[in-house]
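Contents: one structure, followed by commentary.
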Amino acid sequence: MNQQVNRVFSELEMDAKPDNIYIQTIGEVLRAADLVGLPHRLQLILAQPKNEIMVHFPVQMDNGEFQLFKGYRVQHNNVLGPYKGGIRYHQEVSLDHVKSLAALMTIKCALNRLPLGGGKGGVKVKPSALSQMELMRMTRRFTSALGENIGPDYDIPAPDVGTNAQTMAWMADTYMNVSGPSLRQGGASVVTGKPVEFGGSLGRDKATGQGLVFILDELLGELGLDVGKVTYSVVGFGNVGSWTARLLAQRGAKLVAVLDHTGSIRNDRGIDAGELASYVESKGGVAGFAHAEAVSTQDFYSAKVDLFIPAALEQMILPEIAAQLNCKVLVEGANAPVTPAADQVLADRGIPVLPAVLCNSGGVTVSYFEWKQNRQAETWPLAEVDTRLRQTMQSAAERVKASAKRFGCDLRTAAYCAALEHVGTVYQLRGIFP
Ligand code: NAD
């Protein structure tokens with residue numbers, strides 16, 4: 001870790017454990033901040049979230065018993081606009097995970113020049129262990145526990161791992177019911193990723209995968225690859241993984257291996273992404289898919305492919321896995337899937353990494369479009385959403401390329417630099433209150 005990063009950690013009395021996900025994320029952000037010459041006082045501000053909200057709330061389960069849940073909402077920074085970021089339901093949700101994801105949202109929104117800040121939230125729960133009614137009651141109770149900490153002009157959640165459009169509909173409905181008269185109708189824009197019938201945007205479901213494919217259109221040529229001819233493997237076949245695969249299939253790319261929480265499958269002749277998506281929808285995972293072979297985790301990671309796309313959870317690609325990968329480019333679909341130590345292994349092996357803050361920012365971009373449509377009482381056709389998304393992704397990719405050239409750095413650092421320069425400019429213009 002460099003001297004300036006250590007200075008920030010020690011001034012803030014942060015316990016800089018190298019395996020801690022927040023330390024990893026913010027360490028990388030601070031290194032980039034140092035490179036762009038962000039003033040020390042701004043580095044201190046960005047090293048910690050503005051607000052960390054933790055709530056404990058009881059929910060009555062179907063058997064009549066009460067269960068206590070722990071929920072989080074972390075608001076990292078709002079200098080550019082209202083906090084924005086997903087809500088995750090997962091058994092491993094922790095404060096440091098949420099803090100890390102919230103900081104990445106600040107970077108992502110800044111890189112894409114969206115007038116939004118960074119936030120993230122979650123509940124520590126295994127959603128598959130709850131019935132639909134239990135999930136609904138838990139979501140409503142969590143929303144009411146967050147109270148005025150969220151709002152259409154203040155903090156706007158969205159779906160993430162373990163949550164979906166239905167979860168957002170319950171959140172919006174709860175918020176509208178517990179808010180005052182002015183928000184009883186207009187309050188639906190408190191969340192994005194809603195069902196289309198209830199104010200959602202066309203194209204939001206596929207947005208993250210779509211944005212990732214637009215980035216591949218922009219960047220693969222320079223790396224000597226043709227998006228229509230590549231082979232690839234994916235970790236995770238949920239929203240991001242499956243939409244990326246379905247859209248890449250339309251380009252002609254060949255999916256050869258998939259790993260998710262149920263197992264790994266491989267077929268070097270190609271896996272039909274649409275068929276696999278329907279299978280996963282009904283069975284809950286890729287295990288048992290008839291048109292591919294079940295393989296070991298090791299066989300999955302060592303499969304020879306052009307692109308390796310982690311699109312599941314954080315910190316899955318550790319140094320020992322990075323050493324096994326047999327790919328030409330690693331494309332981050334998930335947030336923070338590669339640890340800094342694994343990043344170094346990939347750099348040593350000459351494997352470029354296309355960073356998450358660029359590749360998966362299509363989700364928050366179309367969320368922003370949804371929020372904008374809600375506020376203007378408009379519904380944009382899908383073609384308009386896609387055109388605007390492509391433009392936003394292209395501009396972000398251009399910024400990253402320019403920054404990589406200017407600072408002579410890798411693409412992750414370049415993306416952080418391009419974002420932090422923007423944040424720094426806005427801080428300079430606004431000044432520090434009072
Ligand atoms: P999802 O819940 O739809 O899918 C998650 C996938 O991860 C599933 O296929 C699951 O099987 C897999 N998975 C979970 N645990 C695993 C394990 N231990 N090993 C292997 N696979 C495992 O979630 P999602 O919305 O697709 O999000 C995936 C990632 O993308 C997350 O990092 C999320 O923060 C990020 N992301 C999502 C969006 C979005 O719009 N949904 C936007 C930006 C970033």
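The values are calculated or read from the model by the stated rules, or taken from the named source; none is laboratory data. The shown structure was predicted, so the numbers you read here are calculated from the model rather than taken from an experiment. Because the Cβ atoms are built from the backbone with ideal geometry, glycine has one as well, and the counts that use them run over all protein chains shown. Accessible surface is based on the protein model in full, side chains and every heavy atom, while ligands, DNA and RNA are left aside. Shrake-Rupley method; radii C 1.70, N 1.55, O 1.52, S 1.80 Å.
Residue by residue, here is whether (1) among the small types (Gly, Ala, Ser); (2) modelled with pLDDT of 95 or more; (3) part of a loop (DSSP other than H, G, I, E, B); (4) open to solvent by 10 Å² or more (accessible area, probe 1.4 Å) holds:
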{"position": "PHE214", "(1), (2), (3), (4)": "no, yes, no, yes"}
{"position": "GLU218", "(1), (2), (3), (4)": "no, yes, no, yes"}
{"position": "LEU225", "(1), (2), (3), (4)": "no, yes, yes, yes"}
{"position": "VAL234", "(1), (2), (3), (4)": "no, yes, no, no"}
{"position": "PHE237", "(1), (2), (3), (4)": "no, yes, yes, yes"}
{"position": "VAL240", "(1), (2), (3), (4)": "no, yes, no, yes"}
{"position": "ALA245", "(1), (2), (3), (4)": "yes, yes, no, no"}
{"position": "ALA249", "(1), (2), (3), (4)": "yes, yes, no, yes"}
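Before we move on, is ILE309 open to solvent by less than 20 Å² (accessible area, probe 1.4 Å) and closer than 27 Å to LEU358 by Cα? Spelling it out, ILE309 is indeed open to solvent by less than 20 Å² (accessible area, probe 1.4 Å) and closer than 27 Å to LEU358 by Cα.
Taken together, LEU135, LEU183, LEU146, LEU202 contain a single residue that is away from the ligand (no atom under 16 Å from the Cβ), touching a Pro at 6+ places or on another chain (Cβ under 8 Å) and of a type outside the set (Val, Ile, Thr), which is LEU183. The residues of the range 276-296 that are open to solvent by 80 Å² or more (accessible area, probe 1.4 Å) and either among the polar types (S, T, N, Q) or without any contact (Cβ under 8 Å) to a residue 24 or more places away in the chain (or both), listed by number, are GLU281, SER282, LYS283, ALA290. Taking the range 270-305, which residues are within 15 Å of LEU255 (Cα to Cα), within 23 Å of the chain's Cα centre (by Cα) and in a helix (DSSP H, G or I)? Residues satisfying the conditions are ALA273, GLY274, LEU276, ALA277, TYR301.
Would you mind stating whether PHE300 is within 11 Å of the ligand (Cβ to nearest atom) and open to solvent by less than 20 Å² (accessible area, probe 1.4 Å)? Judged against the criteria, PHE300 is a match.
Given the conditions (1) away from the ligand (no atom under 13 Å from the Cβ); (2) in a loop (DSSP other than H, G, I, E, B); (3) among the small types (Gly, Ala, Ser), which single one is not true for ALA323? Only one criterion in (1) away from the ligand (no atom under 13 Å from the Cβ); (2) in a loop (DSSP other than H, G, I, E, B); (3) among the small types (Gly, Ala, Ser) is unmet by ALA323, namely (2). Of all residues in the range 307-336, those that are at positive phi have Cβ atoms under 7 Å from Cβ atoms of residues that are within 15 Å of the ligand (Cβ to nearest atom) and of a type in the set (Val, Ile, Thr), 6 or more apart or on another chain, in GLN315/ILE21; GLN315/THR339; ALA336/ILE21; ALA336/THR25. Here ARG375 meets the list (1) part of a helix (DSSP H, G or I); (2) open to solvent by less than 60 Å² (accessible area, probe 1.4 Å) almost entirely, failing just condition (2). Among the residues making up the range 140-163, a single one is of a type in the set (Ser, Thr, Tyr), surrounded by fewer than 21 Cβ atoms within 10 Å (Cβ to Cβ) and outside any loop (DSSP other than H, G, I, E, B): SER144. Among residues of the range 46-62 that are touching a residue at least 40 places away in the same chain (Cβ under 8 Å) and open to solvent by 20 Å² or more (accessible area, probe 1.4 Å), those with a beta-carbon under 7 Å from a residue that is hydroxyl-bearing (Ser, Thr, Tyr) and part of a loop (DSSP other than H, G, I, E, B) at least six positions away or on a different chain give the pairs ASP62/SER131.
Considering the range 251-263, the residues that are of a type in the set (Gly, Ala, Ser) and open to solvent by 10 Å² or more (accessible area, probe 1.4 Å) include one that is farthest from the ligand (Cβ to nearest atom), namely GLY252. Applying a threshold of 9 Å to beta carbon distances and a minimum spacing of six or more residues, or different chains, the list of pairs starting in the range 1-15 at a residue that is over 15 Å from HIS40 (Cα atoms) and ending at one that is open to solvent by 60 Å² or more (accessible area, probe 1.4 Å) reads MET1/PRO18; MET1/ARG31.
Specify the residue that is nearest to PHE142 (Cα to Cα); the eligible residues are those in the range 24-45 that are crowded, with 17+ Cβ neighbours inside 10 Å and among the charged types (D, E, K, R). Filtering the range 24-45 for residues that are crowded, with 17+ Cβ neighbours inside 10 Å and among the charged types (D, E, K, R), the one nearest to PHE142 (Cα to Cα) comes out as GLU28. Checked against (1) free of Cβ contacts under 8 Å to residues at least 24 places away in the same chain; (2) under 15 Å from HIS97 (Cα atoms); (3) not acidic (Asp, Glu), ILE26 meets all criteria but (1). Residues to consider are LYS84, LYS108; find the one that is in a helix (DSSP H, G or I), open to solvent by less than 40 Å² (accessible area, probe 1.4 Å) and of a type in the set (Lys, Arg). Answer to the check: LYS108.
Listed here are the residues, each with its yes/no results for (1) buried (at least 24 other Cβ atoms within 10 Å of the Cβ); (2) more than 24 Å from the chain's Cα centre (by Cα).
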{"residue": "ALA165", "(1), (2)": "no, no"}
{"residue": "TRP170", "(1), (2)": "no, no"}
{"residue": "THR174", "(1), (2)": "no, yes"}
{"residue": "GLN185", "(1), (2)": "no, yes"}
{"residue": "PRO195", "(1), (2)": "no, no"}
{"residue": "SER201", "(1), (2)": "yes, no"}
{"residue": "ASP205", "(1), (2)": "no, no"}
{"residue": "THR208", "(1), (2)": "yes, no"}
